[in-house]
Amino acid sequence: MRSQQSKTLFLVLTAFLITVPPHQAADQAIGHDSWTGSSAQKLWGLMTVWSEAKFNFPYFDRIPDVDWDRKVQEYIPRVSGAGSLEEYYEILMEFAALLKDGHTAVTPPWMFVKPGHDHPPVELQVVGDKFIVAKTGDTEEIRRQRIVPGLEVLEIGEHVSPLTYLKENVLRFYSFGTPHADESIGLVGILGGPKGSQVQLKVRDPNGKVRDVTLTRNSTGKDGLPFLWRWVRWYMFDPLIESRMIGSDICYIKISNFTSEEVVAEFRKVFDSLDLARIQGIILDLRFNLGGNSDHAYAIAGFLTDQPLKASRWKSLSYVPAYRSWGRPTGWHEGGPAIIEPREGKKYTGPLAILTGPGTFSAAEDFLVPLQFSRRAVLVGEKTGGSTGNPIVVPLPGGGMFRVVSKRDMFPDGREFVGIGISPDVEVHPTQRDLLKGTDPVLQKGIAVIRNRAPRR
């Protein structure tokens, strides 16, 4: 695996906590180290985060209001005064989140879910400027209070707007790189808290009636299984590849992630079983694909072209101490674009639509770059999350770790997409009515795109 193409997404740790007990997760964290709580140990962790970002982070130009050297001085008394491991890590997480990058974060020893914490069986989604219920579990509490998809959440807790609550309780500690990624992936943790405790919501029914509801933070359903968000379900529990025919001539393929070589093998099985002479179009669904390894993504792209494709260009900081002594700026080492060769044997060159959204992240975005740049595919849906790049991982005192992105990725022509997102060719936004009715306008538009591009028989 070439290191410049390895995409490690720290969000996978969220799903990891569902299957590993919290105490085991802490023991298995990178850099497990006995916590003493000494001033020296606490300062060492802060300075590790500061120094690794100072010399490796390639996006300081995106955050001109953050004076990194001045900020670390402000945080010294805060970390020194931290009274517990939990408080200490919350301060470090807040410090790292100032960098506003989806692949840069402090991860505490308990990963993303604190031991003894849980969430209600409810998933929210931002639609326009509204926070809407997108999915619910099947519990007596949910049924009794008529919590259904399409319900608008007006307040959380003591008269706090959902956006303010999200910023204060989630985004202050984790940044996902763009506002639209923050308001989609970040929602995974918005209703979390001590297991068994309750959270108050003010909601508005589709008919306009406003009422108060109370939800218990217990995600376990009557089947004994936890309620899973779409990102977690796709990444960790759903099959790597799912396919079905739409009508007799359009093949729909959902790719859950690009984590292992197995995804290429599973895609090959589906692809090689298709009678391409009868296929008028292929739709790939990457709306909740959080990434993995771009080598696997590029391998699948090779099935979909008969011409070489240009993938991302990249650059990484190149620090020469002598240049600094001469007052010269930090330089860059540049590489790429990588070239994706068509696979040997059977290939598909017909109409291709790819469904995207703010949950399309990391190596999934690397997959899109060559296909959109070459005009090989039509992207349908919403702008992608806008985060990719190789993180450096270093241990922190007490068992946590710090990840900092080390590479700046671009389109082959130099256009930026990290911190921005990749815009679809055909933009489609699900509405509150879609959630209420359970319709999928993005998929419907993808089908229409294929129908309009397919040759007439």
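Does Leu317 qualify as being over 21 Å from Gly446 (Cα atoms), among the aliphatic types (A, V, I, L, M) and surrounded by fewer than 21 Cβ atoms within 10 Å (Cβ to Cβ)? Considered against the rule, which asks whether it is over 21 Å from Gly446 (Cα atoms), among the aliphatic types (A, V, I, L, M) and surrounded by fewer than 21 Cβ atoms within 10 Å (Cβ to Cβ), Leu317 comes out as yes. Taking each residue of region 332-355 that is over 30 Å from Tyr319 (Cβ atoms) and looking for partners that are acidic (Asp, Glu) and part of a loop (DSSP other than H, G, I, E, B) with beta-carbon atoms closer than 6 Å, six or more apart or interchain, yields Pro342/Asp306; Lys347/Asp306; Thr349/Asp306. Kindly evaluate Thr349 against the criterion of being among the β-branched types (Val, Ile, Thr), surrounded by fewer than 23 Cβ atoms within 10 Å (Cβ to Cβ) and outside any helix (DSSP H, G or I). So Thr349 fits the description; yes. Counting only helices (runs of 4 or more DSSP H) wholly contained in region 240-328, the ones carrying 3 or more residues that are under 19 Å from Pro351 (Cα atoms) occupy 262-272, 294-301. Only residues that are under 21 Å from the mean Cα position of the chain (by Cα), in a loop (DSSP other than H, G, I, E, B) and among the charged types (D, E, K, R) were counted in region 386-414, giving 1. Residue check: is Ile279 within 29 Å of Asn452 (Cα to Cα), surrounded by fewer than 20 Cβ atoms within 10 Å (Cβ to Cβ) and either in contact with a strand residue (DSSP E or B) (Cβ under 6 Å, 6 or more places away or on another chain) or outside the structural domain of Val188 (by TED's automatic domain parsing) (or both)? Against the criterion (within 29 Å of Asn452 (Cα to Cα), surrounded by fewer than 20 Cβ atoms within 10 Å (Cβ to Cβ) and either in contact with a strand residue (DSSP E or B) (Cβ under 6 Å, 6 or more places away or on another chain) or outside the structural domain of Val188 (by TED's automatic domain parsing) (or both)), Ile279 qualifies.
Applying the set (1) modelled with pLDDT of 95 or more; (2) over 21 Å from Ile241 (Cα atoms) to Ala364 leaves exactly one unmet item: (2). Taking the conditions (1) small (Gly, Ala, Ser); (2) in the same structural domain as Phe173 (by TED's automatic domain parsing); (3) more than 30 Å from His103 (Cβ to Cβ) in turn, Gly189 satisfies each one other than (3). Just to be sure, is Ser294 more than 19 Å from Glu416 (Cα to Cα) and among the hydroxyl-bearing types (Ser, Thr, Tyr)? So Ser294 does not fit the description; no. Confirm whether Leu290 is touching a residue at least 12 places away in the same chain (Cβ under 8 Å), under 20 Å from Ile340 (Cα atoms) and surrounded by 21 or more Cβ atoms within 10 Å (Cβ to Cβ). Judged against the criteria, Leu290 is not a match.
In the list Gln73, Gln28, Gln41, which residue meets the criterion of being surrounded by fewer than 19 Cβ atoms within 10 Å (Cβ to Cβ) and modelled with pLDDT under 95?
Gln28
Quick one: which of Met410, Met401 is more than 29 Å from Leu85 (Cα to Cα) and surrounded by fewer than 24 Cβ atoms within 10 Å (Cβ to Cβ)?
The conditions single out Met410.
Does Asp129 satisfy the criteria of being at pLDDT below 95 and touching a Lys or Arg at 6+ places or on another chain (Cβ under 8 Å)? No. In the set Gly292, Gly302, Gly221, only one residue is closer than 27 Å to Glu427 by Cβ and of a type in the set (Gly, Ala, Ser); that residue is Gly292.
All of (1) in contact with a Lys or Arg (Cβ under 8 Å, 6 or more places away or on another chain); (2) more than 30 Å from Val213 (Cα to Cα); (3) of a type in the set (Ser, Thr, Tyr) hold for Ser51 with one exception: (1).
Across region 106-121, the number of residues qualifying as touching a Leu at 6+ places or on another chain (Cβ under 9 Å) and on the phi < 0 side of the Ramachandran plot comes to 10.
With respect to (1) among the hydroxyl-bearing types (Ser, Thr, Tyr); (2) farther than 23 Å from Asn293 by Cβ; (3) at pLDDT 95 or above, the lone exception for Thr104 is condition (2). Among all positions in region 377-390, there is at least one residue which is modelled with pLDDT under 95 and surrounded by fewer than 24 Cβ atoms within 10 Å (Cβ to Cβ).
Within region 228-275, the set of residues being modelled with pLDDT of 95 or more, surrounded by fewer than 16 Cβ atoms within 10 Å (Cβ to Cβ) and polar (S, T, N, Q) comprises Ser273 only.
If the condition is being of a type in the set (Asp, Glu) and either in a helix (DSSP H, G or I) or over 22 Å from the mean Cα position of the chain (by Cα) (or both), then region 415-450 contributes only Asp434.
Please find, among Leu317, Leu286, the residue that is closer than 30 Å to Thr330 by Cβ, in the same structural domain as Pro424 (by TED's automatic domain parsing) and of a type in the set (A, V, I, L, M).
Result of the check over Leu317, Leu286: Leu317.
The values are calculated or read from the model by the stated rules, or taken from the named source; none is laboratory data. Treat the numbers as computed from the prediction; the structure is a model and nothing was measured. Cβ atoms come from the backbone with ideal geometry, glycine included; neighbour counts cover every protein chain shown.
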